[in-house]
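Engineer: Sharing a structure, written as structure tokens. Questions coming.
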Amino acid sequence: MNVANVARPGLRPIRALPGRQGVEVIDQRALPHALRFETLASVEAVATAIREMWVRGAPLIGAAAAYGVALQATQDARDEALHAAGARLQASRPTAVNLAWAVQRMQRVLRATPLHERAQAAWDEADAIAEEDLRVNHALGEHGLGLLRAVAARKKDPVNVLTHCNAGWLATVGWGTATSALYQAHAAGIAVHVWVDETRPRNQGAGLTAWELGQAGVPHTVIADNAGGHLMQRGKVDLCIVGCDRVAANGDVCNKIGTYLKALAAHDCGVPFFVAMPASTLDLQLADGQRIPIEERDGRELTHVAGRSAPGEVLEVQLTPDGTAVANPAFDVTPARLVTGLITERGIVAAEPHALRRLMEERS
Ligand code: MRU
């Protein structure tokens, strides 16, 4: 099975450079106006790229953190140095659990490896995490594809899917989580149309998902975040598929701010609401979603907006009056009762504790 990223050949949001002296990433702050690559050559550079969102999306920041540990192991692989690097990486963003998952996996492997073999082992393990992410996302997309096929079988028009934020290949090592089924359906000749939102605070739907889907030729329409409920009331959404940053043991789902409102509208309108969840995003240590730390981001994301001017210059402009107070929580929690199902690499499971525990037992 070919699970190479859906993006054009060779284009990946992260890759180890030959000689393993650094990691090349797409600087996502420049999209959709420019496709810019940067090289990260130290654990500090990786932590900065995660914090400032050159790389973002739960699975991708997990993979980036793994390469950060590998860069540290190349310089100094002693226990204290690895511990400090792990702590630094984990502190770079608080909400997505994949970050801690990847750092802890790297540390487990390296603790069991003799000092002189650690650098090699670290790069091998980081590569393994990245390749696994590709396979997992492809597999969960195959399960999501079944849902799209079922809708397509009962209607003539395209299957209308609403997705929130960017849970696409840019947010992972490849395929994306929420988008994997969309790409696979499109490739299989199933007519899909995607309603794309997250138009504030960071415009990741408008800037990243629209760019990705456009590159792949998947029909899509950008909507204001506030339009989703209206479209659902009018029967224009067959199902919602979103990504996630952390899922608690009871099935509560934390994802980009605004996801909860989409789930409420979907529930009210009888629209199925699915969450694409690789097992690495499940946190069985947390009983419920209210305990998930919610990142509070810089208010400038609300007071200002960046875009390309007519002459082609990327500019930032201020929207709000000088000195306005702003609050900018970056994530919210959708209660499990609003989630129709979790699309995982092992199949679609209910957002409830027993199903999630079984999923993890099968995995180990
Ligand atoms: O703040 P971000 O851009 O890192 O958050 C992205 C999201 O919320 C995504 O929906 C989530 O990480 C799923 S990624 C496949």
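Engineer: Considering only residues of region 83-95 that are among the aliphatic types (A, V, I, L, M) and open to solvent by less than 10 Å² (accessible area, probe 1.4 Å), which is farthest from Val46 (Cα to Cα)?
Structural biologist: Residue satisfying both the conditions and the ranking: Ala85.
Engineer: Now for a different question. Can you find, within region 147-178, the residue that is most open to solvent (accessible area, probe 1.4 Å) among those that are out of contact with any strand residue (DSSP E or B) (no Cβ under 8 Å at 6 or more places or on another chain) and more than 10 Å from the ligand (Cβ to nearest atom)?
Structural biologist: Residue satisfying both the conditions and the ranking: Lys156.
Engineer: Next question. When region 282-292 is examined, which residues are found to be over 17 Å from the mean Cα position of the chain (by Cα) and of a type outside the set (S, T, N, Q)?
Structural biologist: Leu284, Leu286, Ala287, Asp288, Gly289, Arg291
Engineer: Considering only region 325-352, how many residues are open to solvent by 40 Å² or more (accessible area, probe 1.4 Å) and touching a Leu at 6+ places or on another chain (Cβ under 9 Å)?
Structural biologist: Of the residues in that region, 6 qualify.
Engineer: For region 286-324, enumerate the residues that are free of Cβ contacts under 8 Å to residues at least 60 places away in the same chain, out of contact with any strand residue (DSSP E or B) (no Cβ under 9 Å at 6 or more places or on another chain) and of a type in the set (A, V, I, L, M).
Structural biologist: Once the filter is applied, which keeps residues that are free of Cβ contacts under 8 Å to residues at least 60 places away in the same chain, out of contact with any strand residue (DSSP E or B) (no Cβ under 9 Å at 6 or more places or on another chain) and of a type in the set (A, V, I, L, M), region 286-324 yields only Ala310.
Engineer: For the list (1) in contact (Cβ under 8 Å) with a residue 60 or more places away in the chain; (2) over 18 Å from Thr113 (Cα atoms); (3) in contact with a helix residue (DSSP H, G or I) (Cβ under 6 Å, 6 or more places away or on another chain); (4) open to solvent by less than 10 Å² (accessible area, probe 1.4 Å), I need the number of the one condition that Ala64 fails.
Structural biologist: So the condition that Ala64 fails would be (1).
Engineer: Does any residue of region 258-281 turn out to be under 30 Å from Ala150 (Cα atoms), over 22 Å from the mean Cα position of the chain (by Cα) and loosely packed, with under 14 Cβ neighbours inside 10 Å?
Structural biologist: At the first step, the residues of region 258-281 found to be under 30 Å from Ala150 (Cα atoms) are 258-281.
Filter once more, keeping what is over 22 Å from the mean Cα position of the chain (by Cα): 265, 267-271.
Applying the additional criterion that residues be loosely packed, with under 14 Cβ neighbours inside 10 Å yields 268, 270.
The answer is yes; a qualifying residue exists.
Engineer: Contact list please: Cβ distance under 8 Å, first residue in region 49-60 and closer than 16 Å to Ala100 by Cβ and assigned to a loop (DSSP other than H, G, I, E, B), second residue among the charged types (D, E, K, R) and near the ligand (Cβ under 6 Å from one of its atoms), pairs at least six apart or on different chains.
Structural biologist: none
Engineer: Only residues that are away from the ligand (no atom under 13 Å from the Cβ) and β-branched (Val, Ile, Thr): list them for region 285-306, please.
Structural biologist: Scanning region 285-306 gives Thr303, Val305.
The values are calculated or read from the model by the stated rules, or taken from the named source; none is laboratory data. Everything quoted here is computed from the prediction, not taken from an experiment. Quick reminder, even Gly has a Cβ in these numbers, built from the backbone with ideal geometry, and neighbours come from all protein chains shown. Side chains included, ligands, DNA and RNA excluded: accessible areas come from the protein's heavy atoms. Shrake-Rupley method; radii C 1.70, N 1.55, O 1.52, S 1.80 Å.
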